[in-house]
Amino acid sequence: MRIEGDYERDGFATIRGLIPREIASNLFRQIQLDIEAAGHTFQTFAQSHGLSEHPTIEISGHFYRPLTTFLWGLTPIMSQLTGADLLPSYDYFRIYHKDDICRVHSDRPSCEHSVSLTLAYSDGVEWPLEVGSVRVTGEDPCTEDFGDEPFAAVAMQPGDAVLYRGMDLRHGRTQPNPNRWSAHLFLFWVERGGEFRQHAFDVQRLRSEMERVGKQNA
């Protein structure tokens with residue numbers, strides 16, 4: 001594992017080899033196998049939202065527990081890298097398709113410390129995550145680009161990640177995805193005893209998600 005950048009100073013840093021490439025590809029494959037074993041395909045989990053132009057595949061760690069285990073297992077090393085005593089909030093798996101984007105945005109309080117981890121590209125073409133340079137407060141509306149704000153574009157291979165302050169810095173992918181698809185894992189933490197400590201384990205969101213699923217199955 002190799003760290004590029006100064007997280008404390010800049011609010012983001014690149015983590016080369018957060019996990020081995022083989023683990024990244026096999027984690028992606030295991031998710032696919034488990035979905036197929038349950039009688040579904042990735043398309044079962046396609047949904048539209050304001051961040052992207054096309055529906056993306058999204059699977060929450062709240063409902064696929066191996067992702068939650070992965071998040072919890074990374075917590076000690078993330079505490080070390082951020083210099084803060086962290087507790088996990090939530091994570092999710094996402095697949096973007098060809099020519100899709102991720103609009104520029106900032107995140108909610110559960111995302112005090114965030115990681116974007118690349119798992120796989122269908123065609124092996126790096127698709128950079130872009131991180132702004134101006135600190136913001138609260139969730140900003142989605143925009144198509146950064147405007148006049150300087151930003152960094154971080155290219156990642158499978159197993160590489162970007163650690164960033166999701167609440168404080170706007171981020172996105174404004175260049176269309178050059179691959180037929182790309183698979184990513186997004187992981188989030190809050191500081192133990194900090195301003196957003198009530199969002200540890202994302203209890204509020206989990207409760208609302210369970211209520212939503214209950215209504216769908218009623």
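The values are calculated or read from the model by the stated rules, or taken from the named source; none is laboratory data. Only a predicted model underlies this, so the values are computations on that prediction, with no experimental measurement involved. Virtual Cβ from ideal backbone geometry, glycine too; neighbours counted across all protein chains shown. These accessible areas exclude ligands, DNA and RNA; they are computed on the full protein's heavy atoms, side chains included. Shrake-Rupley method; radii C 1.70, N 1.55, O 1.52, S 1.80 Å.
Laid out as a table, the results:
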{"item": "Whole-Hz couplings from phi, Karplus 6.51/-1.76/1.60, listed for the stretch 172-179; x for Gly and Pro", "result": "x, 9, 8, 8, x, 4, x, 9"}
{"item": "The stretch 1-49, accessible surface, carbon-and-sulfur percent (1.4 angstrom probe)", "result": "50"}
{"item": "Average silhouette area of the stretch 97-136, convex hull of alpha-carbon atoms, in square nanometres", "result": "3.9"}
{"item": "Cβ-Cβ FRET estimate between T137 and T44, R0 fixed at 35 Å, reported to 0.05", "result": "0.40"}
{"item": "Note, ³J(HN,Hα) from phi for the stretch 73-86, Karplus 6.51, -1.76, 1.60, rounded to Hz, x at Gly and Pro", "result": "x, 7, 4, x, 5, 5, 4, 5, 6, 8, x, 10, 7, 9"}
{"item": "Entry for Cα Rg over 2.2 N^0.38 Å (calculated from the structure that is shown) out of (1) 1.30; (2) 0.97; (3) 1.13", "result": "(2)"}
{"item": "Listed residues W72, W127 arranged by accessible area, highest first, probe 1.4 Å", "result": "W72, W127"}
{"item": "Accessible area of the stretch 88-185 divided out per residue, in Å², using a probe of 1.4 angstrom", "result": "34"}
{"item": "Where M167, M156 fall by accessible area, highest first, once all protein chains stay in place (1.4 Å)", "result": "M167, M156"}
{"item": "Heavy atoms of H49: accessible area, 1.4 Å probe, square angstrom to 10", "result": "50"}
{"item": "Accessible area of the stretch 100-185 belonging to carbon and sulfur atoms, whole % at 1.4 Å probe", "result": "52"}
{"item": "Heavy atoms of E22 accessible to a 1.4 Å probe, total area in Å² rounded to 10", "result": "120"}
{"item": "Spatial separation of Cα centroids for the stretch 14-49 and the stretch 129-192, in angstrom", "result": "20"}
{"item": "Per-residue ³J(HN,Hα) for the stretch 118-134, Karplus 6.51 cos²θ - 1.76 cosθ + 1.60, θ = phi - 60°, Hz, x for Gly and Pro", "result": "7, 9, 7, 10, 5, 10, x, 9, 4, 10, x, 8, 10, 10, x, 10, 9"}
{"item": "Ranked order, R21, R170 - accessible area, probe 1.4 Å, largest first", "result": "R21, R170"}
{"item": "Viscosity 1.002 mPa s, temperature 20 °C, Stokes-Einstein D of the stretch 8-86 from Kirkwood C-alpha radius, µm²/s", "result": "141"}
